[in-house]
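Everything on this sheet refers to the single structure shown next.
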Amino acid sequence: MKALALLLVSFTLCAAEKIDILRDEFGVPHIYASTAAGAAFASGYAQAEDRLEELLRNYRKAEGTMSEAFGPEFVTHDYRQRLWRHRDVARQHYAELAPNLRAICEAYQAGIKKFMQEHPEQVPAWAPKLEPWQIVALGRFIIWSWPEGEAAGDLLRGGVQPDPVAYHGSNEMALAPSRTALHVPIAVIDPHLTWYGEVRFYEMRIYGGDLAFSGAAILGQPFPSLGHNRFLSIAMTTGGPDTSDVYEEEVRDGKYKFKDEWRALEVRTERIAVKTGGEIKYQDVRIESTHHGPIVAHKNGKAYAVAIPYANEFRLLDTAWKIATARNLAQAKQALSGLQYMAQNIMIATVDGDIYYVRNGRVPVRPNGCDSSRPMSGPAGACEWQGIHPFEDLVQIANPPQGYMQNCNTSPFNMMKDSPLVPEKWAAHPYVYNETRRPPSQRAAMVLDLLDAAHNVTAEQAIGIAFSPQVWHAELWQERIRQAAPDHEVAKLIAGWNRRSDADSRPALAYYAFKMALGGAAARATEPPATLTDDAIRAALDQAARRLKSDLPADAVFGTLFRVGRKDATRTFPVGGGSLAEAGMATPRAINFSPRGKEMVGHTGQTSTQIVILTKPPQSYMVLPLGESDHPDSPHYDDQAEKLFSKSRAKSTYFLNRKELEKHVTAKKGLTY
């Protein structure tokens, strides 16, 4: 028996997997494991080490149990998550995931638990019990605001006020080998989301088994979903086909009308635990559904049910895994054909030289004559879904002759000059295209011009495009101002401007002050309105001059006013660019600001910018807007804001280059799984 016991112990020791977490100068973890499960274990540990509370909060958000921990202000949030059944669907279907994915999920949460066991002082009292199906629930929760937002748009067009849904935006770009100095594709992955909350990304490199990936992960997910592996990159921006619908229902006495019959409503009750003072109270909510989906609104005696084709889907992690391990464009397209991702503009670039775009989504087949952009009649039964469009029906293109593509939340019609992706090609099913020939936004128009003019692009130049603070059509305003007031001191300052809102630019600040003084539609306009008078321009110049002299320091520049930094920190840093649509200054570099004292501080926008040079293997650069760690005493709390993001810089990822990484390692952690 002793011999057997020794043999078992020996076998266990031999089977244990050794894992290294190397952290670079910015605290970014580079995980080296032998297996994907081992890498996931270390991923859980690293994420917990940096942002444990936010990670655990994400699981509560997905389950709809925030009220239990944080009080009644989250009851509406919890109700919405119960409405969509993220927890129920995840629990029900988790066992149907492939064994390797379940092993990854369970290893990932084992890593979180290990950190929590080692550091009980960091575990909040409200921490939920960890269950691997929470990863599935979280994936559903993260994508849900997109189809929910589509349904909200339908309700608004029908005159019904929905609950507000968070803004999403992004930039993505791809340059073909013919446009680059190294004759390989270059990709820009640039999501624009809030810098706080569940969609704030976590930066990592992760290696183990089939997994070798650099990019951005949602906290609570085991590996990144945006970034690149050794063969290809993937980027996403908001926009896509119409995937979700609203039905106007006739409801009476617990039944709803469908064609010639009255059907019983499906009714369920959800009990929401609510922290009230020092105790937990319970609030029961009644959820009614038709066969279309849950009823979310009532108006003028009508009920409105939302139909979302992702309602029972649970294989998002499967798609993310297949993309993360894809070896070529064909495999990536096969992964996407599972139609698990929300409506998105997806771009892929490969080391084989391909650049590819698809207007992705899980799109219901609607009967002809049904307007899915507004509530449709439920009782008539004439607009019932007839299945799901196959992946081949979606708007897509590979290797366009222009040699570049961009989608900055714009129509496929504006993705490149002379785009072949025109709405008429999808006239049989216009909701698949779900756009028009509308002009691009100022941000997209500037990117389009920059890419169209780009040749022999280097990595440094690609980074410059990704962070460009150039203001599209500002030259038209410069000329109009010169005509109206050639001798005005502010007009002269603006006339000499290079049309870039760089952090150190005083003319950019003067232009902003002038546009804000104009006010209204003229301030927002990217071109001078024909109705704008010389007197109005001179008055705005006078007001701008007074603001520059009295409200700001004598040497103030654009970055004196516009800053980045943690919302709860005492220090901020000057930054250029921004989504200043109120002044007609929305640049490719997207940052939304809000006032804090006398400063305008960023809170939304570029949230994990990546530039990928698709050599073999890829070389890449990445930056976060704040820092990797949520610990205020950590050197990585806001170091990227200070040293990189505010300076329009990105750092090397050292992808698949451990020898070079070792020169930059500031911390090392060994784990055994």
Excluding same-chain residues fewer than 8 positions from Lys275, which aspartates and glutamates have a Cα within less than 13 Å of its Cα? Glu68, Glu73, Asp78
Mind listing the Cα extents of the range 196-294 along all three principal axes, in Å, largest one first? 59, 47, 26
Check: C-alpha center the range 115-190 vs C-alpha center the range 16-70, spacing in Å is 17
Any idea what Rg and Dmax come out to for the range 587-673 if you just take the C-alpha atoms, in Å? 15.8, 51
Mind checking the full-extension length gain between Ala428 and Leu476? Use 0.36 nm per residue of separation minus the Cα-Cα distance, one decimal, nm. 13.3 nm
quick note, the chain, DSSP beta bridge pairs, % antiparallel (nearest 5) is 95
Give the Cα extents of the range 273-415 along the principal axes, in whole Å, largest first. 57, 50, 26
Does the range 156-222 classify as rounded, prolate or oblate by the C-alpha gyration tensor (a ≥ b ≥ c root eigenvalues; a/c under 1.5 gives rounded; else a/b over b/c gives prolate, otherwise oblate)? oblate
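At a 1.4 Å probe, what is the % contribution of carbon and sulfur to the accessible area of the range 166-255? Kindly include the intermediate steps, with their values, before the conclusion.
Values: 1080 of 2130 Å².
About 51 percent, which is the carbon plus sulfur part of the accessible surface.
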Collect residues whose amide H, placed 1.01 Å from N in the peptide plane, falls under 5 Å from the amide H of Leu644; neighbours closer than 5 in sequence don't count. none
With r as the distance between the Cβ atoms of Asp487 and Val123 and R0 = 60 Å, compute the FRET efficiency 1/(1 + (r/R0)^6) and round to 0.05. 0.35
Could you grab the relative contact order for the chain? Cα pairs under 8 Å, six or more apart, rounded to a whole percent. 16
For a test of the definition: using alpha carbon positions, the gyration tensor, and the 1.5 limit on a/c, classify the range 19-125 as rounded, prolate or oblate. oblate
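Could you state the per residue volume, in Å³, of the convex hull enclosing the Cα atoms of the range 261-347? Walk me through the numbers before you get to the answer.
On the way: hull volume 17.5 nm³, N = 87.
Here the figure is 201 Å³ per residue.
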Which of Gly597, Gly578, Thr653 sits closest to the plus end of the dipole of the range 563-670, meaning its Cα is farthest towards the positive end, when Lys and Arg get +1 and Asp and Glu get -1 on the C-beta? Thr653
Using a cut-off of 25 Å between alpha-carbon atoms, which lysines can reach Lys492, once sequence neighbours fewer than 8 places away in the same chain are excluded? Lys515, Lys549
May I ask you to order 441-450, 368-377 by the average number of other C-beta atoms within 10 Å around their residues, highest value first? 441-450, 368-377
Would you mind checking which residues have amide H under 5 Å from Cys408's amide H? H placed 1.01 Å from N; only 5 or more apart, or other chain. Glu172
Give the accessible surface of the range 271-366 per residue, rounded to a whole number of Å², with probe radius 1.4 Å and ligands, DNA and RNA excluded. 37
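Of Lys567/Lys643; Lys281/Lys302; Lys643/Lys669; Lys114/Lys663, which sit over 27 Å apart, Cα to Cα?
Values: Lys567/Lys643 17 Å; Lys281/Lys302 32 Å; Lys643/Lys669 25 Å; Lys114/Lys663 29 Å.
Too far apart for the 27 Å limit: Lys281/Lys302; Lys114/Lys663.
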Once Lys492, Lys275 are ranked on solvent-accessible area with the largest value leading and a 1.4 Å probe, the list reads Lys492, Lys275
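Quick check on the range 471-516: what does the Kirkwood estimate of hydrodynamic radius come out to from the alpha carbon pairs, in Å? Working shown, then result.
Working: mean 1/r = 0.0964 Å⁻¹.
About 10.4 Å, per the Kirkwood formula over Cα pairs.
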Taking Cα pairs under 8 Å and at least six residues apart, what relative contact order does the range 541-650 come out at, in percent? 21
Along the Cα→Cβ direction, 7 angstrom out, place labels at Asp568 and Asn300. What is the inter-label distance in nm? 4.7
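Suppose every Lys and Arg Cβ carries +1 and every Asp and Glu Cβ carries -1, with no other charges. What dipole size does the chain come out with about its Cα centre, to the nearest 20 debye?
Numbers: 76 positive and 77 negative charges, 113 e Å.
That gives the chain a dipole magnitude of about 540 debye.
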Whichever lysines have a C-alpha closer than 18 Å to that of Lys299, once near sequence neighbours (fewer than 8 apart) are set aside: Lys255, Lys257
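The values are calculated or read from the model by the stated rules, or taken from the named source; none is laboratory data. Please read these numbers as outputs of a predicted model, since none were measured by experiment. Glycine also receives a Cβ, built like all others from the backbone with ideal geometry; neighbour counts cover every protein chain displayed. SASA here: full protein model, heavy atoms, side chains in, ligands and nucleic acids out. Shrake-Rupley method; radii C 1.70, N 1.55, O 1.52, S 1.80 Å.
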